[in-house]
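Accompanying notes for the structure given below.
The values are calculated or read from the model by the stated rules, or taken from the named source; none is laboratory data. Predicted model only: the values in this text are computed from it and were never measured. Here the Cβ positions follow ideal geometry from the backbone for every residue, glycine too, while neighbour counts run over all protein chains shown.
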Amino acid sequence: MSRRAFAIAAALSVLALESPFITFNANPLPRQYFNQGVKKYEAGNYRGAIDDWSKAIEINPQDAIAYNSRGIAKDNLGDYQGAIAGFNKAIKC
């Protein structure tokens with residue numbers, strides 16, 4: 001998925017799922033992991049991005065954007081079942 005598509009997906013997630021930002025902003029650590037994941041994703045380090053987004057999810061299990069982002073990275077690695085699982089979790093948040 002291109003950077004532009006990733007940015008659009010993230011923006012749509014923000015619009016559709018505002019509530020995670022309340023918790024997201026309350027604790028800066030998940031935001032830090034999320035941002036690290038974005039940088040790694042943009043550099044093509046999908047496994048590193050997945051690791052960072054997983055850490056953000058451990059801290060804030062209601063972070064739909066991190067689940068969605070992790071799903072996109074898993075899709076890029078060919079882990080389609082993992083991607084679908086991430087997207088389903090994002091929907092349920």
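Give the residues of the stretch 49-65 that are touching a Phe, Trp or Tyr at 6+ places or on another chain (Cβ under 8 Å), of a type outside the set (Asp, Glu) and part of a helix (DSSP H, G or I), sorted by residue number. Step through it out loud before you land on a result.
Taking the stretch 49-65 as the starting set, the residues that turn out to be touching a Phe, Trp or Tyr at 6+ places or on another chain (Cβ under 8 Å) are 49, 52-53, 55-57, 59-60, 63, 65.
Checking the rest, the ones that are also of a type outside the set (Asp, Glu) come to 49, 53, 55-57, 59-60, 65.
Scanning the stretch 49-65 gives 49, 53, 55, 56, 57, 59, 65.
Need the failing condition index for residue 15 against (1) modelled with pLDDT of 95 or more; (2) surrounded by fewer than 18 Cβ atoms within 10 Å (Cβ to Cβ); (3) assigned to a helix (DSSP H, G or I), just the number.
Failing condition for residue 15: (1).
Condition check ((1) surrounded by fewer than 19 Cβ atoms within 10 Å (Cβ to Cβ); (2) part of a helix (DSSP H, G or I)) across all residues:
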site	(1), (2)
34	no, yes
44	yes, no
67	no, yes
81	yes, yes
84	yes, yes
88	yes, yes
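Could you tell me whether residue 72 is of a type in the set (A, V, I, L, M), closer than 17 Å to residue 30 by Cα, touching a residue at least 12 places away in the same chain (Cβ under 8 Å) and in a helix (DSSP H, G or I)? Write out each step before concluding.
Values: of a type in the set (A, V, I, L, M): yes; closer than 17 Å to residue 30 by Cα: no; touching a residue at least 12 places away in the same chain (Cβ under 8 Å): yes; in a helix (DSSP H, G or I): yes.
The answer is no for residue 72.
Could you check the stretch 31-74 and list, in sequence order, the residues that are basic (Lys, Arg) and in contact with a Leu (Cβ under 8 Å, 6 or more places away or on another chain)? Can you show your working first?
Step one: of the stretch 31-74, the residues basic (Lys, Arg) are 31, 39-40, 47, 55, 70, 74.
Answer for the stretch 31-74, where residues must be basic (Lys, Arg) and in contact with a Leu (Cβ under 8 Å, 6 or more places away or on another chain): just 47.
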